[in-house]
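Trainee: Below is the structure I would like to discuss, written out as structure tokens.
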Amino acid sequence: MTQRGYDVLAAAIAALLVAAGLVGLGAALSSGLQKFKATERTVDVKGLAEREVPANLAIWGIQHADADNELPALYARFETKNAAIQAFLKAQGFDEAEITVAPPAVTDRQARDYGDQNVKLRYSGRSSVTVYTPKVDAVRKALGALGELGKQGVAVSGEGPSVQYVFNGLNDIKPAMIEQAVKNARESAGKFAIDTGSELGKLKRASQGQFSIEDRDASTPHIKRVRVVSTLEYYLQN
């Protein structure tokens, strides 16, 4: 074999050795990464914070209906009834600024398409008086006195009084509830670590859930249940 042939063969062997070394290095690095991932153990836990709070705002709509063949007479009756409702509410302790009267919504039954020309009362309508107040207890008390309006000839329409109770003080209790949810989650993570023979490491990731506000139950809509769930992920150490 010539000198040139020896040189080519030597270069080829060197190239093969370098390639084999790179393959081995890659395999070693891959194995190391796999071992590192295998030792990274974590635990996901959820922490719940729950609190019952009284509603601090009430929205009460009092609706009534009437009908008449004479439009001016119908509007006059609505005015009389709305005045009676306002007087009743003021006697129950509500301020004038808390009371809103909506204009009557009146329908001409004979003017409607395919209207019945034989209706006994041509005009019918509804009106409403709304109370928007932080006096939740006063609203609950006034509900029990609605019979006074009936004695004055004001029949409240609908299946029952329409009252919406609201809690709008979430910002005041949010920090304490988040702190409690995180504390509960960490306690759960610590117990899991003990049960698995591990130690609780650093926090890897945290996620705060949305707050929800619901009635405590159907019988007490003026009492709200506020809750939040936080999700935390901790490292586990041997």
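The values are calculated or read from the model by the stated rules, or taken from the named source; none is laboratory data. On a predicted model such as this, the values are computed, not experimentally measured, just so you know. A quick note on method: Cβ atoms are made from the backbone with ideal geometry, for glycine too, and the neighbour counts reach across all protein chains shown.
Trainee: When you look at residue 78, is it at pLDDT 95 or above and either touching a Cys at 6+ places or on another chain (Cβ under 8 Å) or aromatic (Phe, Trp, Tyr) (or both), yes or no?
Mentor: yes
Trainee: Can you tell me which of (1) in a loop (DSSP other than H, G, I, E, B); (2) surrounded by fewer than 13 Cβ atoms within 10 Å (Cβ to Cβ) is the one residue 94 doesn't meet?
Mentor: The failed condition is (2).
Trainee: Now, a different point. Going through 53, 45 one at a time, which residue ends up being farther than 30 Å from residue 205 by Cα and under 27 Å from the mean Cα position of the chain (by Cα)?
Mentor: 53
Trainee: Among what's in region 206-223 and is of a type in the set (D, E, K, R) and over 12 Å from the mean Cα position of the chain (by Cα), pick the residue that is surrounded by the most Cβ atoms within 10 Å (Cβ to Cβ).
Mentor: 216
Trainee: Follow-up. Please go through region 202-226 and give me each residue that is closer than 15 Å to residue 169 by Cβ and of a type in the set (Lys, Arg), ordered by number.
Mentor: If the condition is that a residue be closer than 15 Å to residue 169 by Cβ and of a type in the set (Lys, Arg), then 224, 225 are the ones that fit.
Trainee: If you don't mind, there's one more thing I want to ask. Give, as residue ranges, the helices (runs of 4 or more DSSP H) completely inside region 132-226 that count at least 2 residues that are more than 30 Å from residue 100 (Cα to Cα).
Mentor: By residue number, 170-195.
One line per residue, one yes/no per condition, for (1) in contact with a Leu (Cβ under 6 Å, 6 or more places away or on another chain); (2) within 30 Å of residue 136 (Cα to Cα):
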position	(1), (2)
180	no, yes
185	yes, no
188	no, no
207	no, no
214	no, yes
217	no, yes
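Trainee: Is it true that residue 85 is closer than 18 Å to residue 151 by Cβ and touching a Leu at 6+ places or on another chain (Cβ under 7 Å)?
Mentor: So residue 85 passes the test.
Trainee: So which pairs qualify, if the first residue must be in region 218-238 and touching a residue at least 24 places away in the same chain (Cβ under 8 Å), the second must be part of a loop (DSSP other than H, G, I, E, B) and hydroxyl-bearing (Ser, Thr, Tyr), the Cβ gap must be under 9 Å, and the two must be at least 6 apart or on different chains?
Mentor: So the pair list comes out as 236/196; 236/198; 237/198; 238/198.
Trainee: When the residues of region 103-138 are filtered to those that are polar (S, T, N, Q) and more than 38 Å from the chain's Cα centre (by Cα), which remaining residue is modelled with the highest pLDDT?
Mentor: Checking each candidate, the answer is 124.
Trainee: Let me ask something additional. With under 30 Å from residue 86 (Cβ atoms), surrounded by 18 or more Cβ atoms within 10 Å (Cβ to Cβ) and not acidic (Asp, Glu) as the only criterion, which of 181, 142, 189 stands out?
Mentor: 142
Trainee: Let me ask something additional. Test residue 72 against the criterion of being of a type outside the set (S, T, N, Q) and either part of a helix (DSSP H, G or I) or in contact with a Phe, Trp or Tyr (Cβ under 6 Å, 6 or more places away or on another chain) (or both), and give yes or no.
Mentor: Details: of a type outside the set (S, T, N, Q): yes; either part of a helix (DSSP H, G or I) or in contact with a Phe, Trp or Tyr (Cβ under 6 Å, 6 or more places away or on another chain) (or both): yes.
Against the criterion (of a type outside the set (S, T, N, Q) and either part of a helix (DSSP H, G or I) or in contact with a Phe, Trp or Tyr (Cβ under 6 Å, 6 or more places away or on another chain) (or both)), residue 72 qualifies.
Trainee: Does residue 127 qualify as being in contact (Cβ under 8 Å) with a residue 12 or more places away in the chain, closer than 30 Å to residue 85 by Cβ, of a type in the set (Gly, Ala, Ser) and in a strand (DSSP E or B)?
Mentor: Values: in contact (Cβ under 8 Å) with a residue 12 or more places away in the chain: yes; closer than 30 Å to residue 85 by Cβ: yes; of a type in the set (Gly, Ala, Ser): yes; in a strand (DSSP E or B): yes.
Here the answer is yes, as residue 127 does meet what is asked.
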